[in-house]
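The block underneath contains the structure these notes are about, expressed in structure tokens.
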Amino acid sequence: MAISKNFEHQAAEEKWYKHWLQKGYFHSTPDEREPYTVVIPPPNVTGVLHMGHCLNNTIQDILVRRARMQGKNACWVPGTDHASIATEAKVVHMLRERGIAKSSLSRDEFLSYAWEWKEKYGGIILQQLRKLGCSLDWERTTFTMDPHYYQSVINVFIDLYNKGFIYRGKRMINWDVKAQTALSDEEVIRRETTQSLYHLRYNIEGTEDYIIIATVRPETIMGDTAICVHPDDERYKHLVGKKALVPLINRAIPIIADEYVTMDFGTGALKVTPAHDMNDNQLGQKHNLEVIDIFNDNGTLNETAQILIGEDRFDARKKIIPMLEEAGNLVKTEPYTSEVGYSERTDAVVEPRLSLQWWVSMKNISGPALQAVESDEIKFYPAKFKNLYRHWMENIKDWCISRQLWWGHRIPAWYDAEGNYVVAANEADAAKIYQEKYGKTTSLRQDEDCLDTWFSSWLWPFEVFKGYSEPGNADVKILLSNKHTCNCT
Amino acid sequence: MIMAGFEYQGQKPFNEVYFTGIVRDKIGRKMSKQLGNSPDLLGLVDQYGADAVRFGILIASPAGNDLMWDESSNEQGLHFNNKMWNALKLVKIWEGRTQDNQSNAPWFAVNWFEQRLRQVRIQLDELFRDFRLSEALKTLYTLIWDDFCSWYLEWVKPGFEQPIDTAVYEKTVSFFEELMQLLHPFMPFITEEIYHQLREQKGDITVSQYSTTETPDEQLLQKATFLKEVITAVRDARTRAQLKPKDTIQLFIQTVNQKMYEGTESILSRQVNADEFAFVNEAKDNCINLVVQKDSFYLQTTVELDTTSLREQLEKDRIYYIGFLAAVEKKLSNEKFVANAKPEVVEMERKKKADAEAKLKVIEESLAKIDGR
């Protein structure tokens, strides 16, 4: 056979990949050989291959191919996660192009469009991994919304709820006003942003005296419920305990003292808006302050604000400045750079707000996971990442797992008309549990929200082998023999 | 995932977690869609091929550290492809020119490469154990590019239109196969292709099994390292003396350890184009002189030598070694150093001193010869 002048990569790639697949070299079933399993960190079903994927999948392929050539039973499992928010955004976009508004659709109608999108465009990345030569066991391709997977996620929710590790509560969250859903801290990108710092004058009730505060968010003053100063600040000692009047709406709010305030920042006096700032919220809890939420879900001002009702938060900011100036409350304006949170998905400025959501109480389940890494039972390469991991795990906050989206695992909570609820896998179970709990029957409706995508992907390493849905099956027995399992992140 | 593993399987879900670095562009910015500095990966795969792209991203990627990527690392992968492909074409030319039982067959090269492969297998095991994949790829790259293509193939290459010993040819093909096997996880396509081009195969490389590692013969490896050093030094000396490649030389070696040359004489002679090779007990007149480790080499040639440039070079060397020797002697005369340093460090310094003295002696003798003293 004559040899070509140069290596012709396109022909070789096509020929060999097809040949390897035909021979079934990448398919693995448990046998007497030592197992070597790698599960792909599931890329978003909306994903397309980028350099990061290229690096981490090349690394996985090298490890898997070498293990295979060392006589191990190598198994590399492909798949994708359903990427709740990313996919929903793609589907909404597709619908818009067809002239359909999401709001005009029922949940079921929307979901059938979403599945249509997924079948048509989803999982392109898996095709791209073939082009890179990845020796994945395609017969094991898993999707986080496959029926067995979906059911496992729901059952895990129910189990954690029954153990008391999941609760429903009104707490501060990151709100994406554009996607109109809660976000986890990981979905918020912090960026240095230059804004204006406004110095505003609040008059002291019943006197000629006043106090000046500095804020970048003058449009939230209608949600103020206190002004806070440092207890050692000589400038303001005489004002603590008195009441200040919120400009424009003249609501009286207490002046309180707390060491949380930095005396040399701004004027040393802080407006406290517990509904719209994480730190203010904590301060508010400590001092038992009222919480006044002045925003609608879409970031416009609601009736509680009394003024500028219906205006978007940024328009309101522009419009309130001349109003404050006219009323004599604007003292000065200066440029100010600080970190502002943006939604990873929509790039909207994230609005911290109080919201009724579902949460996982992390301290109940994080202990063994920290211990396993500390003791090197699970080894990190490079080992320096242990420190980062320890920092995360020791400072772990409760996890907000509900998302105001439709594409995903629907929260298995069922409500009566009064808002009482039970958690159950399906409507029939829910009715039964409801009757046991409340001693009556009524019509129940399921929670509209779905779960954070990570609430499904955290089951990935074992549910791709049906380790939760079919415990003790042949695949998962090998996995749990733990001879050599490997995961790349 | 770790939390869910403990909660729902009662144990850890995996044993090892490998953290990759962040891919950055050549000025250090993280690659992102927003910055638009993330290349079109499939376009790159089309253009350079999957193997070259895999090579490019991994070669720049020390374990767990961020990597600075730019397109030129794909070029490097492409050059590597070409190097291997050219080696394949060379070997295929020999295929039709085999003859049994050739006298003077370069068996040293074959024996050495066998040991070198053993050595690399052990290194690869260690690197893989620590997930140092970028270093593993670099090791293979050097093994294939330098040791196999630049040295081994040159050593076993038959003369113009000459036959190659059948057994040496067979060995060469199996070395090539082994190299492709070791490289396969990194660059799966070209390795499978070359593997099948080399000869009729029963199976595919992707499921072929590695042989078990064996301890290499260190002495043989040292001998080859020395041989490479000598060849390089003699070639450099030839170049400095402005000899043309076709100009032959007679090579005389003054050494106390003739064993170091056993089996390598014919390779050495061919690689430096020497038509005569002999050991001598004393310095030879009218020769180009050079020293490698403790051995002196005399290159005799019919081409008239430019003694001025030779002299200049020797003078330069002399001044260098005088300075070097002074520095070592200063260190050794420092009582604190001798008393506190590890014995092996002190021993190393003493060896450096002895070597430098030997070199100086040879250089001075050579200078004396040129000057006719």
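The table for this structure:
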{"item": "Lone qualifier among B:Phe148, B:Phe176 - being out of contact with any strand residue (DSSP E or B) (no Cβ under 8 Å at 6 or more places or on another chain), within 28 Å of A:Ser135 (Cβ to Cβ) and within 14 Å of chain A (Cβ to nearest Cβ)", "result": "B:Phe176"}
{"item": "Any hit, segment B:109-118, residues being closer than 26 Å to A:Glu13 by Cα, within 22 Å of the chain's Cα centre (by Cα) and crowded, with 16+ Cβ neighbours inside 10 Å", "result": "no"}
{"item": "Top-ranked residue of segment A:29-71 - restricted to ones that are in a loop (DSSP other than H, G, I, E, B) and at the interface with chain B (Cβ under 10 Å from one of its Cβ atoms), ranked as nearest to B:Ser211 (Cα to Cα)", "result": "A:Gln70"}
{"item": "In segment A:140-155, the residues that are under 20 Å from the mean Cα position of the chain (by Cα) and either in a loop (DSSP other than H, G, I, E, B) or basic (Lys, Arg) (or both)", "result": "A:Thr144, A:Met145"}
{"item": "Single condition A:Leu459 does not satisfy, out of (1) open to solvent by 20 Å² or more (accessible area, probe 1.4 Å); (2) of a type in the set (A, V, I, L, M, F, W, C); (3) within 14 Å of another protein chain (Cβ to nearest Cβ)", "result": "(1)"}
{"item": "Selection from segment A:373-411 of residues that are within 29 Å of A:Trp115 (Cβ to Cβ), touching a strand residue (DSSP E or B) at 6+ places or on another chain (Cβ under 6 Å) and not aliphatic (A, V, I, L, M)", "result": "A:Trp399, A:Cys400, A:Ser402, A:Arg403, A:Gln404, A:Gly408, A:His409, A:Arg410"}
{"item": "Every residue from segment A:373-385 that is open to solvent by 40 Å² or more (accessible area, probe 1.4 Å) and within 25 Å of the chain's Cα centre (by Cα)", "result": "A:Phe385"}
{"item": "Pair list, Cβ under 9 Å, 6 or more apart: segment A:48-64 residue under 13 Å from B:Ile22 (Cβ atoms) and of a type in the set (S, T, N, Q), other residue modelled with pLDDT under 90 and not in a loop (DSSP other than H, G, I, E, B)", "result": "A:Asn56/A:Cys488; A:Asn56/B:Tyr18"}
{"item": "Positions within segment A:435-480 being part of a helix (DSSP H, G or I) and among the small types (Gly, Ala, Ser), in sequence order", "result": "A:Ser456, A:Ser457, A:Ala474"}
{"item": "Count - residues of segment A:126-143 that are within 13 Å of chain B (Cβ to nearest Cβ) and open to solvent by less than 10 Å² (accessible area, probe 1.4 Å)", "result": "6"}
{"item": "Hits in segment B:182-200 - residues which are of a type outside the set (Val, Ile, Thr) and in a helix (DSSP H, G or I)", "result": "B:Leu182, B:Leu183, B:Pro188, B:Phe189, B:Glu192, B:Glu193, B:Tyr195, B:His196, B:Gln197, B:Leu198"}
{"item": "Segment A:16-28, residues that are in a helix (DSSP H, G or I) and of a type outside the set (Ser, Thr, Tyr)", "result": "A:Trp16, A:Lys18, A:His19, A:Trp20, A:Leu21, A:Gln22, A:Lys23"}
{"item": "So A:Lys102, is it modelled with pLDDT under 95, within 12 Å of chain B (Cβ to nearest Cβ) and surrounded by fewer than 24 Cβ atoms within 10 Å (Cβ to Cβ)", "result": "no"}
{"item": "Segment A:307-336, subset in contact with a helix residue (DSSP H, G or I) (Cβ under 6 Å, 6 or more places away or on another chain) and over 26 Å from A:Thr267 (Cα atoms), residue surrounded by the fewest Cβ atoms within 10 Å (Cβ to Cβ)", "result": "A:Ile309"}
{"item": "Residue pairs meeting the criteria (Cβ under 7 Å; at least 6 apart or on separate chains; first touching a residue at least 40 places away in the same chain (Cβ under 8 Å) and basic (Lys, Arg), in segment B:2-31; second surrounded by 19 or more Cβ atoms within 10 Å (Cβ to Cβ) and assigned to a strand (DSSP E or B))", "result": "B:Arg24/B:Leu67"}
{"item": "Segment B:1-26, residues that are within 7 Å of another protein chain (Cβ to nearest Cβ), open to solvent by 20 Å² or more (accessible area, probe 1.4 Å) and β-branched (Val, Ile, Thr)", "result": "B:Thr20"}
{"item": "Positions within segment B:259-277 being assigned to a strand (DSSP E or B) and open to solvent by less than 30 Å² (accessible area, probe 1.4 Å), in sequence order", "result": "B:Ala274"}
{"item": "Exclusive hit being assigned to a strand (DSSP E or B), more than 21 Å from the chain's Cα centre (by Cα) and within 27 Å of A:Thr273 (Cα to Cα), set A:Lys318, A:Lys332", "result": "A:Lys332"}
{"item": "Yes/no for A:Glu119 being out of contact with any helix residue (DSSP H, G or I) (no Cβ under 8 Å at 6 or more places or on another chain), open to solvent by 30 Å² or more (accessible area, probe 1.4 Å) and either within 12 Å of chain B (Cβ to nearest Cβ) or farther than 28 Å from A:Ala348 by Cβ (or both)", "result": "yes"}
{"item": "Filter result for B:Lys30 (open to solvent by 50 Å² or more (accessible area, probe 1.4 Å), within 11 Å of another protein chain (Cβ to nearest Cβ) and farther than 30 Å from A:Lys384 by Cβ)", "result": "no"}
{"item": "Number of positions in segment B:335-373 that are open to solvent by 70 Å² or more (accessible area, probe 1.4 Å) and over 21 Å from B:Thr255 (Cβ atoms)", "result": "11"}
{"item": "Criterion violated by B:Lys138 - all others in (1) within 30 Å of B:Ser103 (Cβ to Cβ); (2) charged (D, E, K, R); (3) within 14 Å of chain A (Cβ to nearest Cβ) satisfied", "result": "(1)"}
{"item": "Qualifying residue in segment B:285-295 (condition: at pLDDT 85 or above, surrounded by fewer than 11 Cβ atoms within 10 Å (Cβ to Cβ) and under 31 Å from the mean Cα position of the chain (by Cα))", "result": "no"}
{"item": "Residue in segment A:151-163 that is open to solvent by less than 30 Å² (accessible area, probe 1.4 Å), β-branched (Val, Ile, Thr) and more than 30 Å from A:Gln404 (Cβ to Cβ) present", "result": "no"}
{"item": "Index of the failed condition, A:Cys75 passing every other in (1) loosely packed, with under 13 Cβ neighbours inside 10 Å; (2) out of contact with any helix residue (DSSP H, G or I) (no Cβ under 7 Å at 6 or more places or on another chain); (3) not in a helix (DSSP H, G or I)", "result": "(1)"}
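Yes/no per residue for (1) closer than 25 Å to B:Pro245 by Cβ; (2) aliphatic (A, V, I, L, M); (3) part of a helix (DSSP H, G or I):
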{"residue": "B:Leu299", "(1), (2), (3)": "yes, yes, no"}
{"residue": "B:Glu304", "(1), (2), (3)": "yes, no, no"}
{"residue": "B:Val338", "(1), (2), (3)": "no, yes, yes"}
{"residue": "B:Lys353", "(1), (2), (3)": "no, no, yes"}
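Conditions (1) modelled with pLDDT of 95 or more; (2) open to solvent by 70 Å² or more (accessible area, probe 1.4 Å); (3) farther than 23 Å from B:Asp100 by Cβ; (4) assigned to a helix (DSSP H, G or I), marked per residue:
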| site | (1), (2), (3), (4) |
| --- | --- |
| B:Glu161 | no, yes, no, no |
| B:Glu177 | yes, no, no, yes |
| B:Met180 | yes, no, yes, yes |
| B:Ser211 | no, no, yes, no |
| B:Gln219 | no, yes, yes, yes |
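The values are calculated or read from the model by the stated rules, or taken from the named source; none is laboratory data. Please read these numbers as outputs of a predicted model, since none were measured by experiment. Here the Cβ is made from the backbone with ideal geometry for all residues, glycine too, and neighbour counts use every protein chain on show. The protein model used for the area step is the full one, side chains on, heavy atoms only, and it has no ligands, DNA or RNA in it. Shrake-Rupley method; radii C 1.70, N 1.55, O 1.52, S 1.80 Å.
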